[in-house]
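Structure record follows, encoded as C-alpha cells.
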Amino acid sequence: MTPRPLLLCLVPVWLAGCQWLPAQLPGHEPREPVVQETDVGACFSEIPGFDEPSCMFEDWVAFGLASQRGDRAWREAMLLRLEGNDTDRRLASAVVLAWGDERQWDQASELFKADLSAAPARLQPLLRYWLNEVEGRRGLNQRLSESRQAQDALAEEKAALEEKLDALTDIERNINSRQQTE
C-alpha cells in the first residue's frame, strides 16, 4: 500500500479538528456555556421602566417592537396608560409616538430630546437610535413636502407658460391671416 491513499484518509480527519476527539480526553474538560443570571420570567413587562436593571434593555427593545407592530388603536390605548410625568413613562410615550403618524413624530422627538439624558446610561444608545430614526423620518417627510411644493409650483409655471404660448400662437395666426388677405 502506498502512503498516498492513507494520507488521503487521514487529512480530512486531521482537518476536521477537535470535534472528532472524545470529549473526555485528559486535559480537554468540557466547558459550561456562560449564561447571564437573569430570570427570563421577570423580563418583558408590558410597560418598560427603569426599575429592573437586569431586564431594562430587553424590556425596552420588546416595547419598541410592540410599538412598531401595534396598530393605531393599540398606540392610543398605550398612550392613555402611559400618562404621567415620570421620565420612563415620557420616554415610553416617545417610543409609541415615534411609530405613529407624521403629526406625532414632532412630539416624539421633543420627548426624546427632553428626557434622553435622564435615562440610564445603558439605555441611552437605544433611545438615541430611536430618536435618530424619528429625526430621519421627519427629515424625509420634510423633503417630500418641499418636493411636492416645488412640483406644484412647476406645474403652475408650466400652465402659465402654456397659456402664454397659446396666446402667442393666436397672435401669430392673426398676423399670418392678415398678411394673406392683403
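Among residues other than ALA160 whose Cβ falls under 14 Å from its Cβ, what is the net charge (Lys/Arg +1, Asp/Glu -1)?
Details: positive: LYS158, LYS164; negative: ASP152, GLU156, GLU157, GLU162, GLU163, ASP166.
In short, -4.
Of the three principal axes defined by the Cα atoms of region 108-182, the extents in descending order read 92, 15, 10 Å. For the set SER93, SER117, the ranking by accessible area, highest first and with no ligand, DNA or RNA atoms included, is SER117, SER93 under a 1.4 Å probe. Placing a label point 7 Å from the Cα of LEU140 along the Cα-to-Cβ direction, the residues of region 72-111 whose backbone N falls under 17 Å from that point are 98-106, 109.
The values are calculated or read from the model by the stated rules, or taken from the named source; none is laboratory data. Predicted model only: the values in this text are computed from it and were never measured. In this analysis, Cβ positions are derived from the backbone assuming ideal geometry, glycine residues included, and neighbour counts consider all displayed protein chains. These accessible areas exclude ligands, DNA and RNA; they are computed on the full protein's heavy atoms, side chains included. Shrake-Rupley method; radii C 1.70, N 1.55, O 1.52, S 1.80 Å.
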